[in-house]
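Asks: Pasting a structure below so you can have a look.
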Amino acid sequence: MADKYAEPLNDVDRYAVVGNPIAHSKSPLIHEAFAKQTGQNMSYERVLAPLDGFSSTVKDMIARGFKGVNVTVPFKFEAYKICDSLSARAKSSGSGAVNTLINVNGKIHGDNTDGTGLRRDIEQNLGVAIVNKNILILGAGGAAHGVLNSLMGAKSITIANRSLDKALELVMSISDCEASASSFESLDQPYDLIINATSAGLTNSELPIPDVIFGKNCLAYDMMYGRETPFMAQARRNGARVADGLGMLVEQAAEAFYLWRGIRPETQPVIEMVRAL
């Protein structure tokens, strides 16, 4: 059940996730596990913000003493705009979106931990190096923008999207490796790592992508979690290793927890706990 923030708890540092809808969010479960693991005296709530009232909701929470806020759909772009300061990571993502807010003496500092969460999950949990890999990103929206800066060291990055113009626009922000844009249907070569950053999994929609993209020892990574998407099923049929975005969810939360509390929790037990649910 989505919560409207309650009266302050004595001597407990308060945090929350804000979104609309919000009842489905696993963030309270994750952060409560982190707090218990690390011995932190804190609470973590769900807050449902009106679609036209995100800014006032967060500013009221900061005034009430909340130490930090996670931001989920559809407010990440609005969150970027209300920040008094931004981390270098948030600025370099190029997405105009933040997912982590920090109360700094009443001012709002913004960060984006999505890219860090993705890279940690792929490299540390799944054991796949990003350096020198040929990477394909499916989609050119906010999710793709938010993680692009975490793929430094790749040999090449291809952005494929229904709208080629949007893919070309995103490619222009890549400067540290070979980069190209493509429509879905024009893809004609195998890749080492494929990241599905589209929302097709939400509607169980198939992407118009050819089987040839799933190269030998390819990791097919869907940023969605909690279900077998058509993208994941296609990847399995073609012999790719498949992973969903649950690890990314926990890893980006761990990065936010570190920014707030100065201690980095162990993520593997929490990933296993959430997946068991």
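The values are calculated or read from the model by the stated rules, or taken from the named source; none is laboratory data. For clarity, every value in this text was computed on a predicted model and none was experimentally measured. Backbone-built Cβ (ideal geometry, glycine too); neighbour counts: all protein chains shown.
Asks: Considering only the stretch 239-253, I want to know if a residue exists there that is in contact with a His (Cβ under 8 Å, 6 or more places away or on another chain) and surrounded by 24 or more Cβ atoms within 10 Å (Cβ to Cβ).
Replies: Yes - at least one qualifying residue is present in the stretch 239-253.
Conditions (1) in contact with a strand residue (DSSP E or B) (Cβ under 6 Å, 6 or more places away or on another chain); (2) at negative phi; (3) free of Cβ contacts under 8 Å to residues at least 24 places away in the same chain, marked per residue:
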{"position": "LEU193", "(1), (2), (3)": "yes, yes, no"}
{"position": "GLY239", "(1), (2), (3)": "no, no, no"}
{"position": "TYR258", "(1), (2), (3)": "no, yes, yes"}
{"position": "ILE263", "(1), (2), (3)": "no, yes, no"}
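Asks: Turning to a different aspect of this structure: Given THR198, THR203, THR229, THR267, which one is surrounded by 19 or more Cβ atoms within 10 Å (Cβ to Cβ), modelled with pLDDT under 95 and not hydrophobic (A, V, I, L, M, F, W, C)?
Replies: THR198
Asks: Tell me which of these ILE122 doesn't satisfy, since it passes every other one: (1) under 16 Å from the mean Cα position of the chain (by Cα); (2) at pLDDT 95 or above; (3) surrounded by fewer than 21 Cβ atoms within 10 Å (Cβ to Cβ).
Replies: Exception for ILE122: condition (3).
Asks: Could I ask something else about it? Only residues in the stretch 117-140 that are of a type in the set (Lys, Arg) count as the first member; pair them with residues that are modelled with pLDDT under 95 and outside any strand (DSSP E or B), Cβ under 7 angstrom, at least 6 apart or cross-chain, and list the lot.
Replies: ARG119/SER150
Asks: Taking ASP244, is it without any contact (Cβ under 8 Å) to a residue 40 or more places away in the chain, in contact with a Gly (Cβ under 8 Å, 6 or more places away or on another chain) and closer than 21 Å to ILE122 by Cβ?
Replies: So ASP244 fits the description; yes.
Here is a yes/no grid of residues against (1) more than 18 Å from LEU151 (Cβ to Cβ); (2) small (Gly, Ala, Ser):
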position	(1), (2)
THR198	no, no
GLY201	yes, yes
SER205	yes, yes
ASP211	yes, no
GLY215	no, yes
CYS218	no, no
PRO230	yes, no
GLY239	yes, yes
ALA243	no, yes
